[in-house]
Amino acid sequence: MHERLDLDLAPGIRLAVERRGEASRTVLLGHGGGQTRHAWERTAVNLADRGWRSVSYDLRGHGDSAWHPAGDYRIDALADDVVAVVARCAPGRAVAVGASVSGIASLLAVAQHGPKHFAGLVLVDVALTLDVGSIDRILGFMTAQLDEGFGSIDEAADAIAAYLPHRPRPTDLSGLARNLRQGVDGRWRWHWDPAFVRGPQWAAVERHRERLLDAARRVTVPTLLIRGRRSALVSDAAVEEFLAQVPQARFVDVADADHMVVGDRNDLFDARLLEFLDTLDG
């Protein structure tokens, strides 16, 4: 089974969801800021092949999901969406896999609802303490040319190549085209709502640290922290801090991967994820 759904969670909150596989065991896949559910395509196929149902979705304000009319992209709102998608699309409990900002949202959701709704938690290159310089670099890329856009898809590809110099520049730009929208002026702009990156939720991110620490202490389900070995966002000290707060957690480094672990080394990421899932009951 492979189907595309639109979930109307509340007025102004419509999420684009993709569900693959017919198994009773579900993995929820939440992408990072600026990405879409398509970032998980190869992982979703591999999960289905291994007897799991995958549910991936575009975050509010991203991809085919609606832009919130009031620009509500608070981390609490994203956490509420995690719970709502699980309730609507996952029979029984789900393993929440969250990359970057979706990892933070998943952590809060799992801490609040626990084993009643979640069988496990996987955080991808995100922790309780994050490098502020790396956050600024990510937001800098997401806001650059946000208003003026690009003259062509090739121009957007050049911008990504400059931002991710460790990745070969793709010759097939069809995947990139799905992340852009052409305006009436003929210029190409990123798919995400500008309010997502310009909102107050990104100011002084460190102020959330105590809350995240409290959430981590309340996580009781099996947990895996996956870091891109080349990423500067999550330091060794941040990994040690997380493992101290979530003693049942496991940790793996993915070689040759930066912050976008799944895109950099999907093969290694999937292998580590499936190894973790094999340890779970049911």
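No lab work stands behind these numbers, since they all come straight from the coordinates. This is a predicted model, so every value here is computed, not measured. Methodologically, a virtual Cβ is constructed for each residue, glycine included, from the backbone with ideal geometry; neighbour enumeration extends over all protein chains shown.
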Per-residue [θ]222 nm for the chain (sum of -39500 (n - 2.57) over DSSP H runs n ≥ 4, rounded to 500): -10500 deg cm²/dmol
Lys, Arg +1 and Asp, Glu -1 on Cβ, resulting dipole of the chain about Cα centre, debye, nearest 20: 540 debye
Ranked list, fewest to most other Cβ atoms within 10 Å of each Cβ, for V110, V85, V95: V85, V95, V110
Three-way shape label, segment 145-282, alpha-carbon gyration tensor, a/c 1.5: prolate
FRET efficiency, 1/(1 + (r/R0)^6) with R0 22 Å, evaluated for L139 and A10 via beta carbons: 0.20
Global geometry of segment 135-195, whether rounded, prolate or oblate, following the gyration tensor of its Cα atoms and the 1.5 cut on a/c: oblate
For segment 135-195, size of Cβ-based charge dipole, Lys and Arg +1, Asp and Glu -1, in debye: 220 debye
Exposure proxy ranking, count of Cβ atoms within 10 Å, fewest first, for D6, D80: D6, D80
Degrees separating the helix 153-163 axis from the principal Cα axis of the chain, which is the longest one: 50 degrees
Choice from H208, H259, H68 showing the highest fluctuation, given a GNM over the chain with Cα pairs closer than 10 Å: H208
Gyration tensor verdict on the chain (Cα atoms; rounded if a/c is under 1.5, prolate if a/b is larger than b/c, oblate otherwise): rounded
Cβ-Cβ FRET estimate between D185 and A271, R0 fixed at 45 Å, reported to 0.05: 0.50
Fewest-first sequence of H38, H31 by Cβ atoms within 10 Å of each Cβ: H38, H31
Segment 245-282-segment 1-64 distance, computed between alpha-carbon centres (Å): 18 Å
